[in-house]
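Following: one structure in structure tokens, then a few remarks.
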Amino acid sequence: MKNNEQEILIQVKRSSRKSIGLEVKQTGEVLARIPLGLSDRELKGFIQNHQKWIINKLAMIRQQSMNNTTVAAPPLQELTAKEIKNIKDKIVGRVQYYGKIMGVTWGRITIRNQKTRWGSCSAKGNLNFNYQLCYLQPELLDYVVVHELAHRRHMNHSPEFWREVECYYPNYKECRKRLKMVRMAE
């Protein structure tokens, strides 16, 4: 696809799906997921019909990357054992605080250096948090803790899940938006 003489490459993945899906990733990569039997002509027509959407999405991602800030966190391997313990204690303290208020339990709490996630919750109730959360504003750490604990009731991002988050963290939308603007340190 061309945009003002600039070529936009679109990666195509065929599968047994029934519909066409378009995705513009944060990296600027454009991905089209298509049914196995879709002809190249049909795909070309679909992409032409969605060209404006693709261009707008790419422009939005470029704008966001100019506004992004990077976490001022030292590399994990440069932290002392005491610093890592302090980070874990801080996060565990927030989990205990909100877990009690929300009336939920959890399994293990692990502090990691995930590349793309601030936190996660496994089906067994184990919680993982990115150590870089402790280098952000406290309200962003609290939002991620509430988000992961809400998964103890809803293991999805359904409307019920978001109502649960909002019940315990009313300004979650603003925090979520702010987190999207933060790049993790490498």
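Some values worked out for this structure:
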| read-out | value |
| --- | --- |
| Tilt relative to the chain, helix 51-67 - C-alpha long axis, 0 to 90 degrees, to 10 | 30 degrees |
| In nm, spacing of pseudo-spin labels at His157 and Thr110 (7 Å Cα→C-beta vector) | 2.2 nm |
| Accessible area (Å², 1.4 Å probe, nearest 10) - Phe46 | 50 Å² |
| Over region 110-171: Rg over Rh, Cα atoms, Kirkwood Rh | 0.96 |
| Per residue accessible area of region 1-61, 1.4 Å probe, in Å² | 72 Å² |
| Degrees separating the helix 40-49 axis from the principal Cα axis of the chain, which is the longest one | 70 degrees |
| Portion, in percent, of the accessible area of region 20-110 that falls on carbon or sulfur, probe 1.4 Å | 53 percent |
| 30 Å Cα-Cα threshold exceeded, pairs from Lys44/Lys177; Lys82/Lys173; Lys18/Lys124; Lys82/Lys115; Lys18/Lys177; Lys124/Lys177 | Lys44/Lys177; Lys82/Lys173; Lys18/Lys124; Lys18/Lys177 |
| Solvent exposure, largest accessible area first (probe 1.4 Å, DNA, RNA and ligands not counted), of Lys57, Lys173 | Lys173, Lys57 |
| Trp53 accessible area, assembled protein chains, probe 1.4 Å, Å² | 100 Å² |
| Cα convex hull of region 29-183 - mean projected area over all directions, nm² | 12.1 nm² |
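The values are calculated or read from the model by the stated rules, or taken from the named source; none is laboratory data. Note that the structure is a prediction, hence the values are computed from the model and not measured. Every residue, glycine among them, receives a Cβ derived from its backbone with ideal geometry; neighbour counts consider all protein chains shown. To get the accessible areas, we keep the full protein, side chains included, count just its heavy atoms, and leave off ligands, DNA and RNA. Shrake-Rupley method; radii C 1.70, N 1.55, O 1.52, S 1.80 Å.
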